[in-house]
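The values are calculated or read from the model by the stated rules, or taken from the named source; none is laboratory data. On a predicted model such as this, the values are computed, not experimentally measured, just so you know. All Cβ positions, glycine included, derive from the backbone under ideal geometry; neighbour counts span all protein chains shown. Heads up: the accessible areas ignore ligands, DNA and RNA and are worked out on the full protein's heavy atoms, side chains in. Shrake-Rupley method; radii C 1.70, N 1.55, O 1.52, S 1.80 Å.
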Amino acid sequence: MQQSITHLVIRNPFGTMDVPSPDDSEVMDYAATASLPGDAADDNAASWATIAARSDPLEGMWTSRWNGGADPTIVGDTPDKWKQGCAEIRVGAGRVYLRFDWDDGRRHGLIEAAREGAARLVGKYINLTTPAITRPWVGLVIDASRIDGCFPNGRLDFRR
């Protein structure tokens, strides 16, 4: 007979595995050096999303894309290629949760971040499909339709 785990508490609002230690020293060290200018010359400045912007500040549906690493499950993928997908952002308990997918929804990731001031987000990413993969992530909320993001190997941006 198996006994269910009844003491498990999930922080994120999606009911998936939580990001481990989203504000550990690796994240803070990366956040101290990460720079996102948020200007018109940024890689994420040109509109590339297919979801219309809403007046809601962050929560809701978004489009995501990332580069800076090759996904070995995608034939012919290289670090410079953008992997695009759908995303949903939820805010709760002082945290921002960004859940997204790529490879036509076959792969999933989650970012848990804290707000630093009005526009900066600092946290960590976990690959929900391959949980051993985690990375620090820093985001800059430009407006209700654009979040520029970076991790040590590349970019992880959101648009709507």
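Yes or no: Asp23 open to solvent by 30 Å² or more (accessible area, probe 1.4 Å), within 22 Å of Ile126 (Cα to Cα) and in contact (Cβ under 8 Å) with a residue 60 or more places away in the chain?
When the stated conditions are applied, Asp23 passes them.
In the set Arg135, Arg106, which member is within 21 Å of Pro13 (Cα to Cα) and surrounded by 19 or more Cβ atoms within 10 Å (Cβ to Cβ)?
Arg135
With the structure loaded, tell me whether Ile111 is over 14 Å from Val141 (Cα atoms), surrounded by 15 or more Cβ atoms within 10 Å (Cβ to Cβ) and β-branched (Val, Ile, Thr) or whether it fails that test.
yes
Could you please let me know if Arg95 is in contact with a helix residue (DSSP H, G or I) (Cβ under 9 Å, 6 or more places away or on another chain) and open to solvent by 30 Å² or more (accessible area, probe 1.4 Å)?
no
Please state which of the following conditions Asn44 fails to meet, knowing it meets all the rest: (1) open to solvent by 50 Å² or more (accessible area, probe 1.4 Å); (2) in contact with a strand residue (DSSP E or B) (Cβ under 7 Å, 6 or more places away or on another chain).
Of (1) open to solvent by 50 Å² or more (accessible area, probe 1.4 Å); (2) in contact with a strand residue (DSSP E or B) (Cβ under 7 Å, 6 or more places away or on another chain), only one is false for Asn44: (1).
Count, please, the residues in the range 42-69 that happen to be among the charged types (D, E, K, R) and at pLDDT 85 or above.
Counting residues in the range 42-69 that are among the charged types (D, E, K, R) and at pLDDT 85 or above gives 4.
Which residues, counting only those in the range 7-20, are open to solvent by less than 50 Å² (accessible area, probe 1.4 Å) and charged (D, E, K, R)?
Once the filter is applied, which keeps residues that are open to solvent by less than 50 Å² (accessible area, probe 1.4 Å) and charged (D, E, K, R), the range 7-20 yields only Asp18.
Please determine whether any residue of the range 142-160 is crowded, with 20+ Cβ neighbours inside 10 Å, at pLDDT below 95 and under 13 Å from Leu58 (Cβ atoms).
Yes: the range 142-160 contains one or more residues that are crowded, with 20+ Cβ neighbours inside 10 Å, at pLDDT below 95 and under 13 Å from Leu58 (Cβ atoms).
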